[in-house]
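Comments concern the structure below.
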Amino acid sequence: MARGKFITFEGGEGGGKSTQVKRLIAALESAGIRAISTREPGGAPASEDIRELLVSGAVDRWTPMAEVLLNYAAREIHVAKTIIPALDQGIWVISDRFADSTMAYQGYGGGIDRDRIVNIHKAVLNDFMPDLTLILDLPVEQGLARAGKRLANDASNEDRFERMGRDFHNRLREGFLAIASDDPKRCRVINAEVDADAVFAAVTDAVNDALGVTI
């Protein structure tokens, strides 16, 4: 049995990751490829408990390094309990965020030394990383406006990071683009300013090209 592939969606707030995850899952299943969706923080029961700590409450609830450690506690469980078992069964795993978000949010955004985050990742997960990462990129103002509408519609309290300052979100965007530039084989940047259908066309092109499938 061939091992499954691990694909992650990344980017700042309001890029439409959740929508594209759902569409990709449907396309893979239509092509006869078993796939599951997951998310970070979260993706396993204990990891979801940690998610609540990270995404709600006061902006200054945690220091950036505390956020790194909480994310990696949740991530270790997520990988061990959800991602690896699925991949070993030949199932593709599509995740809304993974380790690049920690590097972008807490490294570039929060100012934690990036080598420290790399070392923590290696200590927790060795060299485990996605087979393909799709970074949905759009201007900060547009992304925050979209995120605000989403939060208003679903009455979610998961707005801790959305409430961080504009400078933080600008650093965040720059961080994701730098991550993509540093690892062009794994990462593809997709213009998320356009409508969802155009974004999905770019997503499918990237998946087909990078992973040798036709969806």
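From the helices alone, meaning DSSP H stretches of at least four residues, give me the mean residue ellipticity at 222 nm for the chain, per-run term -39500 (n - 2.57), in deg cm²/dmol to the nearest 500.
Details: 9 runs with 109 residues, N = 215.
Value at 222 nm, helices only: -16000 deg cm²/dmol.
Return the carbon/sulfur percentage of the accessible area of segment 88-215, one whole number, probe 1.4 Å, all protein chains in place. If you can, show how the numbers build up before the last one.
On the way: 2830 of 6160 Å².
Here it works out to 46 percent.
Determine the gain in length on full extension of the stretch Ser18-Lys81; use 0.36 nm per residue of separation and subtract their C-alpha separation, reporting nm with one decimal. Kindly include the intermediate steps, with their values, before the conclusion.
Values: separation 63, 0.36 × 63 = 22.68 nm, distance 2.14 nm.
Gain on extension, Ser18 to Lys81, equals 20.5 nm.
What are the equivalent ellipsoid semi-axes of segment 67-128, built from the alpha-carbon gyration tensor (square roots of five times its eigenvalues), in whole angstrom, biggest first?
Value: 23, 12, 9 Å, ordered largest first.
Below 8 Å, C-alpha to C-alpha, sequence gap of six or more: please give me the relative contact order for segment 1-71 in percent.
Here the relative contact order equals 16 percent.
Evaluated at 4 °C with a viscosity of 1.567 mPa s, what Stokes-Einstein diffusion coefficient in µm²/s does the chain have when Rh comes from the Kirkwood expression over alpha-carbon pairs?
Reported coefficient: 74 µm²/s.
Just to be sure I understand: with springs between alpha-carbon atoms less than 10 Å apart, which residue in Phe161, Phe98, Phe128 has the highest mean-square fluctuation in the Gaussian network model of the chain?
Most flexible of the set in this elastic network: Phe128.
Please give every one of the aspartates and glutamates within straight-line cross-link reach of Lys185, meaning a C-alpha to C-alpha distance under 18 Å, and leave out same-chain neighbours fewer than 8 residues apart.
Within the straight-line limit of under 18 Å, Lys185 reaches these aspartates and glutamates: Glu10, Asp100, Asp127, Asp131, Asp137, Asp205, Asp209.
Could you give the nm distance between label points at Ala145 and Ala73, where each point is 7 Å from its Cα heading toward the beta carbon?
About 3.9 nm, to one decimal.
Once both labels are modelled 7 Å past Cα along the beta-carbon direction, what's the Val194-Ala178 spacing in nm?
2.9 nm
At 0.36 nm per residue, and after removing the present C-alpha to C-alpha distance, how many nm does the segment from Ala46 to Asp127 gain when stretched out fully?
26.9 nm
In whole Hz and in residue order, list the ³J(HN,Hα) couplings for segment 13-28 that follow from phi through the Karplus curve 6.51 cos²θ - 1.76 cosθ + 1.60, θ = phi - 60°; x for Gly and Pro.
Karplus values, whole Hz, x for Gly and Pro: 6, x, x, x, 4, 4, 4, 6, 4, 4, 5, 5, 4, 4, 5, 5.
Within segment 160-190, whose backbone N sits under 17 Å from a point 7 Å along Cα→Cβ of Ser56?
Within reach of a label on Ser56, which here means backbone N under 17 Å from a point 7 Å along Cα→Cβ, segment 160-190 contributes 160-163.
Using the heavy atoms of the protein chains and a 1.4 angstrom probe, tell me the accessible area per residue for segment 39-141 in square angstrom.
40 Å²
Please give the length that would be gained between Lys185 and Ala66 if that part of the chain were fully extended, namely 0.36 nm times their separation in residues minus their C-alpha to C-alpha distance (nm, one decimal). If you can, show how the numbers build up before the last one.
Values: separation 119, 0.36 × 119 = 42.84 nm, distance 3.05 nm.
Difference between extended and current length: 39.8 nm.
Would you mind getting the Kirkwood hydrodynamic radius of segment 101-215 from its Cα pairs, rounded to one decimal in Å?
Roughly 15.8 Å, rounded to one decimal.
The values are calculated or read from the model by the stated rules, or taken from the named source; none is laboratory data. What you are looking at is a predicted structure, and each value in this text was computed from that prediction instead of being measured. Because the Cβ atoms are built from the backbone with ideal geometry, glycine has one as well, and the counts that use them run over all protein chains shown. For accessibility, only protein heavy atoms count, side chains too; no ligands or nucleic acids. Shrake-Rupley method; radii C 1.70, N 1.55, O 1.52, S 1.80 Å.
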